[in-house]
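Let me begin by presenting the structure, written as structure tokens, before commenting on it.
Nothing in this text is a laboratory measurement; each read-out follows from the coordinates by a stated rule. This structure is a prediction, so every number in the text was calculated from the model and none was measured. Counting neighbours? That spans all protein chains shown, and the Cβs are built from the backbone with ideal geometry, glycine included.
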Amino acid sequence: MSFYIRFLLLIVMVKCTTSVHYKCVQGRESTMRINLDSVKWNYERLISKLPPKHPVMGVVKGNAYGMGAVAVSRTLLRLGAKYLAVAIVDEGVYLRKHGIKAPILVLGYTAAFGQGIDLAIRYSLTLNVFSIEVLNAIQKKVRNSALPVKIHIKVNTGLSRLGIEPDEVVPFVKLIKYGFYPNIEVEGIFSHFGYSDAIEIESLKKYATQQLKIFKKVVGKVREIMNIPIAHIANSNGVEYLGEEAHLDMVRPGSSILGFRSFAKPPLSLSSIVTDVRKPAAGMQIGYRENVTATGNQWIAAVPLGYADGLRPECGDVGRVLIKGTRVPIVSGIMMDQMLVDVTEVYPVAAGEPVVIIGRQGSSEIRLEDIVKMCGGTEYSWASQLSKRIPRVYVKKNRVVYCENDMLTY
Ligand SMILES: *Cc1c(COP(=O)(O)O)cnc(C)c1O
Ligand SMILES: *[C@@H]1O[C@H](CO)[C@@H](O)[C@H](O)[C@H]1NC(C)=O
């Protein structure tokens, strides 16, 4: 065979293997779809507010707010993010095991005892450090390592959650500088705004501005002692509402990129199908609730998603899903693996009929914010609770480019 024919064959083979890889394997027809074009749109909107090439640390904690940390991380890195952030060491290890090589900061606490520090060293994770005990434990464990462990010092400027108090930062940095910590590299210093959009924006903006002022003062002081390259504080709202004052050396957004704002495009949708339909006789119980009984004129359909998939029980009796482009009510409670919906209004409906829980169907739409209105909770808590039992399918330009089904990965 000539070289060219072999070469062409090779390309065809590679193409075929890749497309097989993207074919999603799942045993039931309930699926989360994550539109990566929306992630891209949100990311580009965010960076348009920053100076060119300003470093972005993409926050992908909580399995990227439920949307799948691996695919979302790869997307953000491709879009230009320089750093990733997770909440706990295990989330960082998970990304490393999926081949992600970018720097990863663990935002939460890693204990001086236990195995967290060992894992962080083994998988080159950057640690948030705000206590001497943890600092000492890292130095002790990393002694024989060729590479230093990178840390970012956390300062509490007003969230009252984690971090060193502002006036204790200088002594802490002096201790690192003049003490014996040869294998620890202080790469960054950071703080976090108590700035969520659930409460009134103006008052929070005022509070965040105050936090920013405290943080900048601390950063100025410690930089007289030690060169700490990366200072960062701005989450999504910091970028959105505080402007360039808050950009510092890097920004640290998560939720706005993942669509949790009225100005953002929501990438997430969740769909399933009807599995069975019936017209229960008058008086017959519907679901597990003895107080929910049939009138005799209702058509009831089963949908195979339940609270083990992350749909919260609060949605029983009050939630709605889309069938045939119409919002139909969930009746009785959300069960572990299924729910029942009243489809009388859209009957005839047969097994196999598509059901949308989050997203569009025809000209109708149910957004996460609608679910919060119907059932309570918050958009973040809804999305991040969608369990790993639901396969996640990633779409670009209407084509599936990747999928993940944790149940079938071993
Ligand atoms: C979650 C989190 C972020 C990202 O916040 P968003 O509001 O989602 O942009 C940034 N920093 C820390 C410490 C966080 O915990
Ligand atoms: C049935 O009882 C549950 C509490 O067990 C309640 O939440 C629900 O609203 C009741 N439903 C109806 C239709 O009365």
Problem - Among Val274, Val72, Val25: highest mean-square fluctuation, GNM of the chain, C-alpha pairs under 10 Å - result: Val25
Practice task
At 7 Å along the Cα-to-beta-carbon direction for both Ala111 and Ile214, put a label point, then send me their distance in nm to one decimal.
Solution key: 2.8
Handout entry: Farthest positive-ward along the range 268-405 dipole, Cα basis, beta-carbon charges - from Leu368, Ile300, Val331
Key = Leu368
Exercise for the section: Any chance you could get the radius of gyration and Dmax over the Cα atoms of the range 27-70, in Å? Expected result: 13.8, 47
Fill in the blank from the handout: Expressed as a whole-number percentage, the relative contact order of the range 36-246 with C-alpha contacts under 8 angstrom and at least six residues apart is 14
Practice task
Give, in nm to one decimal, the length gained when the segment between Asn291 and Lys140 is fully stretched (0.36 nm per residue of separation minus the Cα-Cα distance).
Solution key: 48.2 nm
Exercise for the section: For the range 268-405, give the magnitude of the charge dipole about the Cα centre (Cβ charges: +1 Lys/Arg, -1 Asp/Glu; no others), in debye to the nearest 20. Expected result: 480
Exercise for the section: Nearest 5 is fine: what % of DSSP beta bridges in the chain come out antiparallel, could you say? Expected result: 55
Practice task
Express in nm, to one decimal, how much length is gained between Glu29 and Glu202 on full extension, taking 0.36 nm for each residue of separation and deducting their alpha carbon distance.
Solution key: 57.8 nm
Handout entry: Nearby aspartates and glutamates by direct alpha-carbon distance to Lys216 (threshold 18 angstrom, same-chain neighbours under 8 apart not counted)
Key = Glu165, Asp167, Glu168, Glu187, Glu224, Glu244, Glu245, Asp249
Fill in the blank from the handout: With x for Gly and Pro, the residue-by-residue ³J(HN,Hα) of the range 307-318, computed from phi through the Karplus equation 6.51 cos²θ - 1.76 cosθ + 1.60 at θ = phi - 60° and given in whole Hz, is 6, 5, 8, x, 6, 7, x, 4, 7, x, 6, 10
Completion exercise
Taking N as the residue count of the range 295-388, its alpha carbon Rg divided by 2.2 N^0.38 Å gives 1.02
Fill in the blank from the handout: Protection proxy (average C-beta count within 10 Å per residue), highest first, orders 237-249, 45-57, 288-300 as 237-249, 45-57, 288-300
Problem - Top of Leu135, Leu127, Leu340 by mean-square fluctuation, Gaussian network on the chain, Cα under 10 Å - result: Leu135
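To the nearest 20 Debye, how big is the dipole of the chain about its Cα centre, given +1 on the beta carbon of each Lys and Arg and -1 on that of each Asp and Glu? Spell out each step's value before the answer.
Details: 51 positive and 35 negative charges, 300 e Å.
Result for the chain is approximately 1440 debye, rounded to the nearest 20.
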Completion exercise
Over its alpha-carbon atoms, the chain yields an Rg and a Dmax in Å of 24.9, 81
Exercise for the section: Averaging sequence separations of C-alpha pairs under 8 Å and six or more residues apart, then dividing by the length of the chain, give the relative contact order as a whole percent. Expected result: 17
Fill in the blank from the handout: For Lys101, counting only lysines whose alpha-carbon sits under 26 Å away and dropping same-chain residues fewer than eight positions off, the answer is Lys15, Lys23, Lys40, Lys53, Lys61, Lys82, Lys140, Lys141, Lys150, Lys154, Lys388, Lys396
Problem - Peptides ranked, highest mean first, by Cβ atoms within 10 Å: ranges 93-100, 258-265 - result: 258-265, 93-100
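Rounded to the nearest 500 deg cm²/dmol, what is the calculated helix-only ellipticity per residue at 222 nm for the chain, with -39500 (n - 2.57) per DSSP H run of length n ≥ 4?
-9000 deg cm²/dmol
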Exercise for the section: Using a Förster distance of 45 angstrom, determine the FRET efficiency expected from the C-beta separation of Glu245 and Met407, and round it to 0.05. Expected result: 0.45
Practice task
Work out the FRET efficiency for Ala351 and Ala281 from their Cβ-Cβ distance, taking R0 = 22 Å, and round it to the nearest 0.05.
Solution key: 0.60
Completion exercise
Shape call for the range 36-246, from the Cα gyration tensor axes a ≥ b ≥ c (a/c under 1.5 means rounded, otherwise prolate when a/b beats b/c, else oblate), comes out oblate
